[in-house]
1. Go through the stretch 207-216 and report how many residues are in contact with an Asp or Glu (Cβ under 6 Å, 6 or more places away or on another chain) and either of a type outside the set (D, E, K, R) or surrounded by 19 or more Cβ atoms within 10 Å (Cβ to Cβ) (or both).
2. What residue, of Glu238, Glu201, is within 29 Å of Asp119 (Cα to Cα) and either open to solvent by 50 Å² or more (accessible area, probe 1.4 Å) or not small (Gly, Ala, Ser) (or both)?
3. Would you mind stating whether Arg131 is open to solvent by 30 Å² or more (accessible area, probe 1.4 Å) and among the charged types (D, E, K, R)?
4. Residues in the stretch 1-24 that are open to solvent by 50 Å² or more (accessible area, probe 1.4 Å) and farther than 28 Å from Arg154 by Cα: how many?
5. Which of the residues belonging to the stretch 73-105 are of a type in the set (Ser, Thr, Tyr) and surrounded by fewer than 12 Cβ atoms within 10 Å (Cβ to Cβ)?
6. In the stretch 32-88, how many residues are aliphatic (A, V, I, L, M), part of a helix (DSSP H, G or I) and more than 14 Å from Gly142 (Cα to Cα)?
7. Given the options Leu123, Leu66, Leu47, name the one that is at pLDDT 95 or above and more than 18 Å from the chain's Cα centre (by Cα).
8. Could you tell me whether Ala233 is at pLDDT 95 or above and within 17 Å of the chain's Cα centre (by Cα)?
Amino acid sequence: MRLATFTAPGLAEPRVGVVDGDTVYPFAPGSSMRDVIDAGLPEAHRLAGNAREQGAGRPLDQVRLLAPLRPASVRDSVAFEEHVEGVRRSVNGEAGVPEAWYDAPTFYFTNPHAVLGPDDEALFPATCAVRDFELEVAVVVGRAGRSLTEAQARQAVFGYTIMNDWSARDLQSREMQVSLGPVKGKDFATGLGPWIVTADELDSYRDADGFLDLDCAVSVNGVEIGHDVLSNAGWTFESMIAYASRDSGVVPGDVIGSGTVGNGGCLGELWGRHGEQDPPALQPGDVVTLTVEGIGALSGRVGVADPAPALSPVRRRDYPAFRRGAV
């Protein structure tokens, strides 16, 4: 089942609906995708059945698809060893994979308030000159839990969507020298869409080890840049959810990205391997399309934000001398 959030002429507010073929059948007004996720997958199937029975479908080419949900939070994992090896060299010049990567499916938090939908424009910071995409699949959590086992985490999966972790590589490279982040190199835009495919829909793609065996590809202006298989990940989505919940918790509507696939899932990986920016960094107006088997395609256009206001310069101080009571 494919669940979308959309708007169309004559609608007072965005609606949630089930997509069948080239038609979307709207649910009753007043519910967001977060409401549907909170109600659980069986209820989502019931609502979809009611929507189909009512027969008030709209052709997809007559609606505008929005980001499928407004996430409760967005975590982004880094599950592909090939990506880590290539992009690490590109960002900070270091070779190899950090030994700590093998310990757990590490993630960072990014900005749930900067989520974009299909065909939206990603406004890169005006100070960024090295623009990049990242091809990922994200899992949408459907149940709350704390310190979940992997078996419990599998039951907590509501569905999956495509994720584009837009990246300002020059900002990222500088800010991560502080041993925090990435922050402003990432938090300006994250693409999700075109819809959520429910967990049951993709069970047939699951291999013997629990990985989803989905072909993934990315193109820029119609030219393919990278192509990988999602099952090349080092960690399953169940592992990512379990680790995210460890000594903490997950809630319905949380989104967790797989991390970028290998074999050209982002330009940064290729730059690290080639030793130069080949293919070139994204330019304003470029259209990036991510395609994932069993889910669909998500496109976005590169833009540039207006310059941000300047910050006051840092106050440099001789820290032993300025401590209160120092002699």
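1. Number satisfying all stated conditions: 2.
2. Values: Glu238 fails: within 29 Å of Asp119 (Cα to Cα).
On inspection, the qualifying residue turns out to be Glu201.
3. For Arg131, the condition - open to solvent by 30 Å² or more (accessible area, probe 1.4 Å) and among the charged types (D, E, K, R) - is not met.
4. Summing the residues that are open to solvent by 50 Å² or more (accessible area, probe 1.4 Å) and farther than 28 Å from Arg154 by Cα in the stretch 1-24 gives 6.
5. Of the stretch 73-105, the ones of a type in the set (Ser, Thr, Tyr) are 73, 77, 90, 102.
Result: Tyr102, single match.
6. Within the stretch 32-88, the first condition is being aliphatic (A, V, I, L, M), and the residues that meet it are 33, 36-37, 39, 41, 44, 47-48, 51, 56, 60, 63, 65-67, 69, 72, 74, 78-79, 84, 87.
Retained after the next criterion (residues that are part of a helix (DSSP H, G or I)): 33, 36-37, 39, 41, 44, 47-48, 51, 60, 84, 87.
When the remaining residues are screened for being more than 14 Å from Gly142 (Cα to Cα), the result is 47-48, 51, 60, 84, 87.
So the answer is 6.
7. Leu47
8. yes
The values are calculated or read from the model by the stated rules, or taken from the named source; none is laboratory data. Quick caveat, the model's predicted, so the values are computed rather than measured. Methodologically, a virtual Cβ is constructed for each residue, glycine included, from the backbone with ideal geometry; neighbour enumeration extends over all protein chains shown. We work out accessible area using only protein heavy atoms, side chains counted, and drop any ligands, DNA or RNA first. Shrake-Rupley method; radii C 1.70, N 1.55, O 1.52, S 1.80 Å.
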